[in-house]
Amino acid sequence: MNILKGLGDFFALDIGTNAIRVVQLKKAGAGYTLEHYGYAPIDSKLTGSDSEEARRKVGEVIMTAVGQSGIKSKNVVIGLPSSKTFTTIIDVPMVSESELKATMKYQIDQYIPMSVDDAKVDWALLGNSLRAQNQQEVLLSSVARQYSEDRLELVEALGFNVIAAEPDPIAMVRALTTPGATGAVLQLDMGENSTDIAIVYGDTPRLVRTIPTGVGSLVKSTVTNLNVQEDQARQFILKFGLAPDRLEGQVLRALESTLDNFAAEVVKSIKFFETRYPSIAVGGVIVTGFAATIPQFDQYLAGKVGKGVQLGNPWQGIQMAEADQRQLAAVAMEFSTAIGLAKRGVEQ
């Protein structure tokens with residue numbers, strides 16, 4: 001959301017629900033080189049708490065991730081979770097830049113779901129409207145001022161300088177979009193408690209939303225329906241997935257209701273986009289996060305939405321050592337936000 005206040009060395013920080021991820025990239029021709037990365041698991045109870053003790057422990061885990069990464073820079077770009085941000089795309093009249101700035105003051109008050117005084121708001125011009133003549137589209141994002149200031153205070157108290165902050169779904173788009181891409185595609189990143197969705201046309205998001213279903217929801221359904229412990233339920237999901245021939249299809253049956261509701265929300269997103277832009281059809285779905293690590297999740301979703309589904313690669317265009325590839329293999333699909341944030345800085 002915030003415009004970079006300075007250039008130079010910096011790294012990306014993703015304070016996820018169950019892990020802290022840091023990435024530092026270096027531009028290398030048309031792509032990038034991985035300079036440093038770090039990954040430190042964290043108890044979701046800590047990241048979900050506002051207590052001073054929880055904040056202190058989150059800070060310790062951040063320092064652990066940064067320490068193991070070898071990052072020396074103090075400048076950082078941070079992600080803002082979609083559960084704490086509001087993002088929408090609006091149409092505004094085709095006017096000059098100065099007129100647009102004046103117009104946006106009134107548009108912001110009309111669209112964001114909180115008092116302007118209590119929010120931090122940013123917007124970006126996307127270009128000509130895809131559905132209306134003499135209109136242009138603007139991406140509008142807001143976050144509660146108190147949350148934003150608390151997050152900045154947490155990170156800067158560790159000795160870092162926050163030079164930018166951005167909603168996680170916008171970072172995801174930057175990580176998953178292939179340069180020169182055309183047409184519309186739905187990108188989906190499943191986290192612990194929710195799933196970020198963006199429908200991207202070319203390289204620009206035209207719909208951004210969050211589904212309150214994550215791998216944690218699937219674990220709860222499995223615990224309830226198979227009468228197993230949480231750790232075992234998670235293991236079943238990530239090992240056997242949705243294969244009808246594994247564990248006699250018990251996992252798939254245990255998750256059926258939750259998955260059907262999830263798929264219905266994905267279909268709803270596609271229908272909303274195609275109704276808003278009648279001349280543009282969503283060509284397919286790209287999945288990452290836990291959605292890319294659950295066996296046969298992509299095949300299940302393809303059958304429900306009637307679109308091709310493929311696994312995303314947030315590391316596309318990034319050169320790295322083979323040893324790093326091996327070390328990252330188990331968690332590689334969790335880095336969409338961190339990589340997108342790191343690319344944001346590099347590109348700007």
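None of the figures in this text is laboratory data; all of them are computed from the coordinates on show. Being a predicted model, the structure only gives us computed values, none of them experimental. Note that we place each Cβ from the backbone using ideal geometry, even for glycine, and neighbour counts take in every protein chain shown.
Here are the numbers for this structure:
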{"read-out": "Pairwise centroid distance, computed over Cα atoms, of segment 178-196 with segment 105-141, Å", "value": "21 Å"}
{"read-out": "Segment 146-272: relative contact order as a whole-number percent, Cα under 8 Å and 6+ apart", "value": "15 percent"}
{"read-out": "Rounded to 5, the percent of DSSP beta bridges in the chain classed as antiparallel", "value": "70 percent"}
{"read-out": "Of (i) 58; (ii) 26; (iii) 30, the label for percent of Cα pairs over 34 Å apart derived from the coordinates", "value": "(ii)"}
{"read-out": "Efficiency of FRET from Cβ geometry, Met63 and Glu97, R₀ 45 Å, rounded to 0.05", "value": "0.60"}
{"read-out": "Proximal lysines relative to Lys271, as straight alpha-carbon distance under 19 Å, when same-chain residues fewer than 8 apart are discounted", "value": "Lys304, Lys307"}
{"read-out": "Lys343, Lys74 arranged by Cβ crowding within 10 Å, fewest neighbours leading", "value": "Lys74, Lys343"}
{"read-out": "Antiparallel bridge percentage (DSSP; both residues within segment 179-313; nearest 5)", "value": "60 percent"}
{"read-out": "Tensor-based shape of segment 236-348 (alpha-carbon gyration tensor, a/c under 1.5 rounded, otherwise prolate or oblate)", "value": "oblate"}
{"read-out": "Out-of-range pairs (alpha-carbon distance over 26 Å; input Lys84/Lys343; Lys27/Lys72; Lys45/Lys84; Lys105/Lys268)", "value": "Lys105/Lys268"}
{"read-out": "Student exercise, the chain dipole from Lys, Arg, Asp, Glu Cβ charges, in Debye to nearest 20", "value": "440 debye"}
{"read-out": "Candidates Leu311, Leu158, Leu140, ranked by Gaussian network fluctuation over the chain, Cα under 10 Å, top entry", "value": "Leu158"}
{"read-out": "Kirkwood hydrodynamic radius of segment 179-313, from inverse mean 1/r over distinct Cα pairs, in Å", "value": "15.2 Å"}
